[in-house]
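Chemist: Sending over a structure as structure tokens; questions will come in a sec.
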Amino acid sequence: MTLSVDGSLPAILLGALLGLRHATDADHVVAVTTIVARERSLLRAARVGAAWGLGHTLTLLVLGGAIIAFRIVIPPRVGLGLEFGVALMLIALGYANLRAREETPGPTLTRPFWIGVVHGLAGSAAVALLVLATIRTPLAAATYLLVFGLGTVLGMMLVTLVLAAPAIYAGERVVRMRSGIRLAAGALSVVFGLLLARELIVDGGLFTAAPTWAPH
């Protein structure tokens, strides 16, 4: 839905809400689930979500800002390729979870940060196009991107807390259940990544002469 905005404040406030909702996109949730399934602390899980959100926000500000400032048009093959990178990342994350031993500690915060960067590369075009359609002034557009990014950080922290809580509290009582959650998260990530890759290759025509891509 396109918004008609005379003043930019309503659109900027909407950006915060959309950022919160953006954190619940399926590919984001699956990716973070594979990480927090191996965490044993709610504080650590929240930090994972914050690191993911910061990586996503950094890319959004840089790439999304460039798209808005210079009216850059992302070619369909490039857009599909960025999303294909997300699919490969989900497969790799899932495989790592399936291969991990129970006593292996969770990954450092560097990994969720770079995962957020990859997701930001794939999603910045859609956010930038929304901003171009609703906000006319460069300063307001930059503010929108920042508020949207901060909303995503907060949303992802909440998502990781919700996802991590059952595994952490169940894991303290039943080690086998914790292992099952980790394996299930890994399998889900692999399957989701494969389905996403198929969609991009078959429906989007990533490797054909005339690919089709709509930012979303």
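Chemist: Please state the charge dipole magnitude for the chain, taken about the Cα centre, from unit charges on C-beta atoms (+1 on K and R, -1 on D and E), reported in debye and rounded to the nearest 20.
Modeler: 520
Chemist: Sticking with this one: For the chain, find the longest principal axis of its Cα atoms and tell me its angle to the long axis of helix 26-36, 0 to 90°, nearest 10.
Modeler: It is inclined by approximately 40 degrees.
Chemist: On to the next question. Just to check I understand the Karplus step: with θ = phi - 60° and J = 6.51 cos²θ - 1.76 cosθ + 1.60, what whole-Hz values come out for the range 71-87, glycine and proline as x?
Modeler: 6, 6, 9, 7, x, x, 5, 5, x, 5, x, 5, 5, 5, x, 4, 4
Chemist: What is the packing order of peptides 88-100, 141-153, taking the mean over residues of other C-beta atoms within 10 Å and listing the highest first?
Modeler: 141-153, 88-100
Chemist: Separation between the Ile201 and Arg47 pseudo-spin-labels, each 7 Å from Cα along Cα→Cβ, expressed in nm?
Modeler: Placing both labels 7 Å along Cα→Cβ, they lie 3.8 nm apart.
Chemist: Mind listing P(r) for the chain? All alpha-carbon pairs, 10 Å bins, whole percents.
Modeler: Percent of pairs per bin, in order: 9, 32, 32, 19, 6, 1.
Chemist: Taking the chain as the reference, fit the longest principal axis to its C-alpha atoms, fit the long axis of helix 42-59 to the helix C-alpha atoms, and give the angle between the two in degrees, 0 to 90, nearest 10.
Modeler: That works out to roughly 30 degrees.
Chemist: Oh, and also: Arrange Ile181, Ile201 by Cβ neighbour counts within 10 Å, fewest through most, would you?
Modeler: Ile201, Ile181
Chemist: For helix 138-171, what angle does its Cα long axis make with the longest principal axis of the chain, in degrees from 0 to 90 and rounded to 10?
Modeler: 10
Chemist: Expressed in whole Å with the largest first, what are the equivalent ellipsoid semi-axes of the range 43-115 derived from the C-alpha gyration tensor as the square root of 5 times each eigenvalue?
Modeler: 30, 17, 6
Chemist: Taking only C-alpha pairs under 8 Å that are 6+ residues apart, what is the relative contact order of the chain in percent?
Modeler: 42
A short reminder: the numbers here are calculations on the coordinates, not readings from a lab. For clarity, every value in this text was computed on a predicted model and none was experimentally measured. So basically every Cβ, Gly included, is an ideal-geometry build from the backbone, and we count neighbours across all protein chains shown.
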